[in-house]
Amino acid sequence: MTKRPVDHEVDRPFPWPHPERNPMARAPRPSELARRAWAANRPLAGTAALMALMLAVALVGLLADPRSITGQPAWAKPARFALSIALYTLTLLWLLTFVRGHDRLVRVVSRVTAVSLVVEMALIAAAAAAGTTSHFNFATPTATAVWMTMAAFIVATWAMALVVVVLLLRQRVRPPVFAWGLRLGIAVSALGMAVAFLMTLPTSPQRAAARRGHGLPAVGAHTVGLADGGPGMPVTDWSTLGGDLRIPHFLGLHALQVLPLLGFLLATRPRGLSERHRVALMGIAGAAYLGLVLVLLWQALRGQPVTAPDAATMAVLFALGAVAGAAVLAVLRHARRVEGR
């Protein structure tokens, strides 16, 4: 009797396209995609559907509720979180269809993630309805309990993302360039989630107020160098006067969509490239994306707004782009030499 190998070729039907399938085939209709997603993973598909409903409620709130919280419309934050959670759960659903031989673990990841994100969304919406903040709020015992509950579920979501990183690293997916797009996407996304932990640390003014005996009605902030609630960019509300940790958090989190999509394109579009060269290009893209997240994190931690980078930030960004561009050119030249032999 032979032992079943650790790695497994993926051969199950996918809710979304797979690069080894005919890229010219008819795209599934939205209703068909919804049916496939529900059949593949009910907890995550149901969470995405709930987030679509929550987004609709938040959009109504933006029109009907004139209140503001920390300088932005009361329902702007629930709207952003509903959209972000919907994208995350649908992408995670898709990633988990590539995992074979770990059905029980996939169910645990799906259920824990779904429950965690639904609870987080419910608490954010409840805080908006009450006209108060949900994050970093220690002003009352109720607000403290809400924030600590959210923090616990955020940690659970992050832990499940790490489990998916390990599962995808052990999984054999074809073609390899697409597999590395999936792996790098979830790995950089987990790092982007981890940036949120920095937001929970007390700021210098908060620590100073605590030393003076003024208490801590809020612990942590999105903005570095300034209090939350100052001038911000449209829609995102990212600070235009200080550093903002939401920027590297956002960019890192959505590597979950960007890098697998790039892996898909590298697997289906370029001609004249061997699998080895495609994987090399994917690795360069993943490293460059990670580098950009880290540069934006460095910029934010120095209290510098993304709209006004200093000379040091520009120099590092230029160096990152130059190194990535040179690496891509080197791979393409090597591919041409190999092809010309």
Original post:
Where does helix 176-199 land angle-wise versus the long Cα axis of the chain, in degrees 0 to 90, nearest 10?
Top reply: 10 degrees
**OP:** Give the long-range amide H neighbours of residue 218: residues separated by 5 or more places, or on another chain, with amide H under 5 Å away, using H modelled in the peptide plane at 1.01 Å from N.
**Re:** 138
Original post:
In whole angstrom, how far apart do the alpha carbon centroids of the range 243-274 and the range 140-209 sit?
Top reply: 17 Å
Subject >> Listed residue (257, 186, 176) projecting farthest to the positive dipole end of the range 148-291, Cβ model >> reply: 176
**OP:** List, in order, the whole-Hz ³J(HN,Hα) value for each residue of the range 118-128 obtained from phi through the Karplus relation with A = 6.51, B = -1.76, C = 1.60 and θ = phi - 60°; use x for Gly and Pro.
**Re:** 5, 4, 4, 5, 4, 5, 5, 5, 5, 5, 4
Subject >> Projected-area mean, the range 96-183, by convex hull of Cα positions, square nanometres >> reply: 6.7 nm²
Subject >> From the C-alpha gyration tensor of the chain, square roots of 5λ in Å >> reply: 37, 27, 18
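Take the alpha carbon gyration tensor of the range 241-341, find the square roots of its eigenvalues, order them as a ≥ b ≥ c, and report rounded if a/c is under 1.5; if not, report prolate when a/b exceeds b/c, else oblate. Mind dumping the intermediate values first?
Working: a/c = 4.33, a/b = 2.01, b/c = 2.16.
Oblate, since a/c reaches 1.5 and b/c is not below a/b.
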**OP:** Quickly estimate the mean residue ellipticity at 222 nm for the chain, helices only: each DSSP H run with n ≥ 4 gives -39500 (n - 2.57), and the total goes over all residues, rounded to 500.
**Re:** -22500 deg cm²/dmol
Original post:
Top mean-square fluctuation among 159, 287, 330, Gaussian network model of the chain, C-alpha springs under 10 Å?
Top reply: 330
Subject >> Virtual spin-label span in nm between residue 62 and residue 330, 7 Å along Cα→Cβ >> reply: 4.5 nm
Original post:
At a 1.4 Å probe radius, carbon and sulfur cover how many percent of the accessible area of the chain?
Top reply: 68 percent
Original post:
What list of ³J(HN,Hα) values in whole Hz, one per residue of the range 204-211 in order, does the Karplus curve 6.51 cos²θ - 1.76 cosθ + 1.60 (θ = phi - 60°) give from phi, with Gly and Pro shown as x?
Top reply: 4, x, 5, 5, 5, 5, 5, 5
Original post:
What is the set of long-range amide H partners of residue 172 at a cut-off below 5 Å, with H atoms built 1.01 Å from backbone N?
Top reply: 8
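Give me the dipole magnitude in Debye, nearest 20, for the chain about the Cα centre, with unit charges on the beta carbon: positive for Lys and Arg, negative for Asp and Glu. Intermediate results must be reported in sequence, preceding the final value.
Working: 33 positive and 14 negative charges, 242 e Å.
Rounded to the nearest 20 debye, it is 1160 debye.
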Original post:
Quick one: helix 311-340 against the long Cα principal axis of the chain, what's the angle to the nearest 10°, folded into 0 to 90?
Top reply: 10 degrees
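The values are calculated or read from the model by the stated rules, or taken from the named source; none is laboratory data. If you're wondering where the values come from, they're calculated on a predicted model, not measured in any experiment. Please note: Cβ atoms are built from the backbone with ideal geometry, for glycine as well, and neighbour counts cover all protein chains shown. In case anyone asks, the SASA skips ligands and DNA or RNA and just uses the protein heavy atoms, side chains included. Shrake-Rupley method; radii C 1.70, N 1.55, O 1.52, S 1.80 Å.
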